[in-house]
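The values are calculated or read from the model by the stated rules, or taken from the named source; none is laboratory data. Keep in mind that what you see is a predicted model, and the values were worked out from it rather than measured. For neighbour counting, all protein chains shown are included, and Cβ atoms are generated from backbone atoms with ideal geometry for every residue, glycine included.
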Amino acid sequence: MLFVGGRRMKLEQLRMRGLRCLTDVGIALDTGINVFVGANGAGKTSVLEAVFLLSHARSFRSGAKEALLQRGTPQLSIFAELRHVDERVCRLGLGREGARWEAKVDGANAAIGQLVRECAVVCFEPGSHALIAGAAEERRRYLDWGVFHVEHDFLTSWRRYQRALKQRNSLLRSASAATEALFAPWEAELAQSAHQIDRQRRAYLDLLRPKLLASIAGLLPELGQLELRYRRGWSEELDLADQLREQRGRDLARGHTTLGAHRADWSIAFEQAPLREHLSRGQEKLTALACMLAQAELYAEHHGEWPIVCLDDLASELDQAHQAAVVAQLTAANAQILLTGTELPQALQTLPSRVFHVEQGELTRLL
Ligand SMILES: Nc1ncnc2c1ncn2[C@@H]1O[C@H](COP(=O)(O)OP(=O)(O)O)[C@@H](O)[C@H]1O
Ligand SMILES: [Mg+2]
C-alpha cells in the first residue's frame with residue numbers, strides 16, 4: 001500500500017559553505033522535486049551530502065570526516081530552513097571547525113541529537129547496496145535511525161550502553177588488575193541497557209515488517225515471499241549479564257566485548273533467494289531501496305509527515321521501469337525529493353520539477 005497524502009517536511013532554503021567543492025552556495029528548493037544535473041565531479045552528490053549531514057550529523061559517504069572540509073578551509077557550515085507539516089519553520093545549522101561539530105536549532109546552540117531529531121532524510125545512493133551486502137554496522141545504523149525516530153528514549157539507552165561498553169572494554173585491556181568486583185557493575189549496566197535496546201529494536205522491526213513486505217512486493221515481486229530476520233547480538237535464551245560473565249575469559253583474550261547489542265544484525269531472506277549471495281547487485285540495490293522507502297513510510301505514519309528523500313545518481317542505479325516506479329510512489333506520497341543525475345532522468349521528464357545545473361561547485365537554476 002502506498003502512503004497517500006500531502007504531508008511531508010520540506011527544506012525551503014539550503015546554504016552550504018566550505019563543504020568539498022561547494023565554497024558558498026545558497027539555493028531555494030522546490031517543495032516537490034528538485035533535480036541537480038551536471039557532469040561527473042561537478043558537486044551534485046555534495047549537495048545531497050549536505051542535506052544528509054544536517055539530518056544525521058555524518059555523511060553517507062565513507063572516508064575521513066576531514067575530507068568533507070574544503071581543501072585549505074578550516075571550517076564548514078550548512079544551514080537550512082525546514083518547514084514542518086504544521087507550518088512550523090525550523091532553522092537548522094551544523095558547523096565544523098577543526099574537529100568539533102556544532103549544531104544550532106533556531107539560532108541557539110543545540111545538542112546534535114536535537115538537530116537530528118528535527119530533520120529526517122532518507123537517501124538512496126550508489127553505496128546503498130551495502131545495507132544488504134555490507135557489514136552489520138550498516139544495518140544497525142539503518143535500524144537505529146528508525147528506532148531513534150520512533151522510540152523517544154532510545155538515545156538514552158543507547159548512550160548508557162555505549163558508556164558501559166567502553167568501561168568493560170577498558171577493563172578487559174587492563175586485565176591484570178581487573179576483578180569480578182570491577183566487572184560486575186558494568187556488566188549489569190550493559191545487560192540492562194542492552195535488553196532495553198533489544199526490546200526497542202524488535203518493536204520497531206515489527207512495525208517495519210508489513211511496510212517492507214509491501215515495498216518489496218512492489219519493487220521485486222519475482223523474488224517471492226520474504227522473511228525479515230533479527231539477531232540481537234547474544235543468545236536468545238540467556239540473560240546478557242550471565243553470558244558476559246561466562247565469556248569474560250574469552251573476551252579478555254580478545255581485548256573487547258564480543259557479545260551484546262553492538263553485535264546485533266538483521267537480514268532479509270527471499271523465497272527465491274534464501275541467501276544474500278543469491279541476489280544480483282541490482283537486486284541488492286532494489287532491496288536496499290525498498291528498505292529505505294519502507295522506513296520513510298513508517299516515519300511518515302508515525303510523525304504525520306514524510307521525510308525528505310535524496311536519490312543520488314538514480315538513473316545510473318536503476319533501470320527505467322524501477323526509476324519510474326520509485327518516482328511514482330514518492331510523488332503519490334508527495335514527498336520532497338532531491339535527485340541527481342548527469343541529465344534529467346526520463347522518469348521526471350513529464351513531471352514538474354526544479355532543475356539546477358551544477359558545475360564546478362556552482363549551482364544555477366535552470367527551470
Ligand atoms: N575536501 C575537498 N575539497 C575540495 N574539493 C573536494 C573535496 N572533496 C571532494 N572534492 C571535489 O568535489 C567535487 C564534487 O564531488 P561530487 O559532489 O561527488 O560530484 P558529483 O556528484 O557531481 O560527481 C569533485 O570534483 C571532488 O574532487
Ligand atoms: Mg555523484
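Look through segment 292-341, keep the residues that are within 16 Å of ligand 1 (Cβ to nearest atom), within 21 Å of ARG139 (Cα to Cα) and of a type in the set (Asp, Glu), and return whichever of them is farthest from the chain's Cα centre (by Cα). In this case the residue turns out to be GLU317. Only residues that are part of a loop (DSSP other than H, G, I, E, B) and away from ligand 2 (no atom under 15 Å from the Cβ) were counted in segment 334-351, giving 7.
If I filter segment 27-42 for residues that are within 16 Å of ligand 2 (Cβ to nearest atom), touching a Ser or Thr at 6+ places or on another chain (Cβ under 6 Å) and at negative phi, do I get at least one hit? Within segment 27-42 (the criterion being within 16 Å of ligand 2 (Cβ to nearest atom), touching a Ser or Thr at 6+ places or on another chain (Cβ under 6 Å) and at negative phi), the answer is yes, since at least one residue qualifies. Pairing each residue of segment 133-157 that is among the basic types (Lys, Arg) with any residue that is outside any helix (DSSP H, G or I) and buried (at least 16 other Cβ atoms within 10 Å of the Cβ), provided the two are 6+ apart or on different chains, yields C-beta distances under 8 Å for ARG139/ASP265; ARG139/TRP266; ARG140/ALA264; ARG140/ASP265. Do we have ARG83 as more than 8 Å from ligand 1 (Cβ to nearest atom) and surrounded by 15 or more Cβ atoms within 10 Å (Cβ to Cβ) here? The answer is yes for ARG83. Does GLU118 count as more than 16 Å from ligand 1 (Cβ to nearest atom), out of contact with any strand residue (DSSP E or B) (no Cβ under 7 Å at 6 or more places or on another chain), closer than 30 Å to GLU297 by Cβ and not aromatic (Phe, Trp, Tyr)? The answer is no for GLU118. Looking at VAL51, VAL89, VAL47, VAL150, which is the one that is touching an Asp or Glu at 6+ places or on another chain (Cβ under 7 Å) and of a type in the set (A, V, I, L, M, F, W, C)? After ruling out the rest, the residue left standing is VAL89.
Among the residues of segment 232-284, those identified as in a loop (DSSP other than H, G, I, E, B), in contact with a Lys or Arg (Cβ under 8 Å, 6 or more places away or on another chain), buried (at least 19 other Cβ atoms within 10 Å of the Cβ) and not small (Gly, Ala, Ser) are ARG232, TRP234, THR257. Criterion applied to SER55, SER46 was being under 17 Å from GLU125 (Cβ atoms), hydroxyl-bearing (Ser, Thr, Tyr) and more than 9 Å from ligand 1 (Cβ to nearest atom), and the one residue passing it is SER55. When LEU228 is tested against (1) in a strand (DSSP E or B); (2) more than 22 Å from PRO307 (Cβ to Cβ), just one condition goes unmet, and that condition is (2).
If you check GLN272, GLN323 for being touching a residue at least 24 places away in the same chain (Cβ under 8 Å) and not assigned by TED's automatic domain parsing to the domain that holds PRO185, only one passes: GLN323. Could you list, in sequence order, all residues of segment 298-318 that are of a type in the set (D, E, K, R) and over 18 Å from GLU125 (Cα atoms)? The answer is GLU301, GLU305.
Scanning segment 46-96 for residues that are within 16 Å of ligand 2 (Cβ to nearest atom), free of Cβ contacts under 8 Å to residues at least 24 places away in the same chain and closer than 16 Å to ILE112 by Cβ turns up just one, SER59. Among residues of segment 15-26 that are under 16 Å from LEU48 (Cβ atoms), those with a beta-carbon under 7 Å from a residue that is within 16 Å of ligand 2 (Cβ to nearest atom) and among the polar types (S, T, N, Q) at least six positions away or on a different chain give the pairs LEU19/SER46; ARG20/SER46; CYS21/SER46; CYS21/GLN360; LEU22/SER46. For segment 108-132, residues that are in a helix (DSSP H, G or I) and either hydrophobic (A, V, I, L, M, F, W, C) or touching a residue at least 40 places away in the same chain (Cβ under 8 Å) (or both) total 7.
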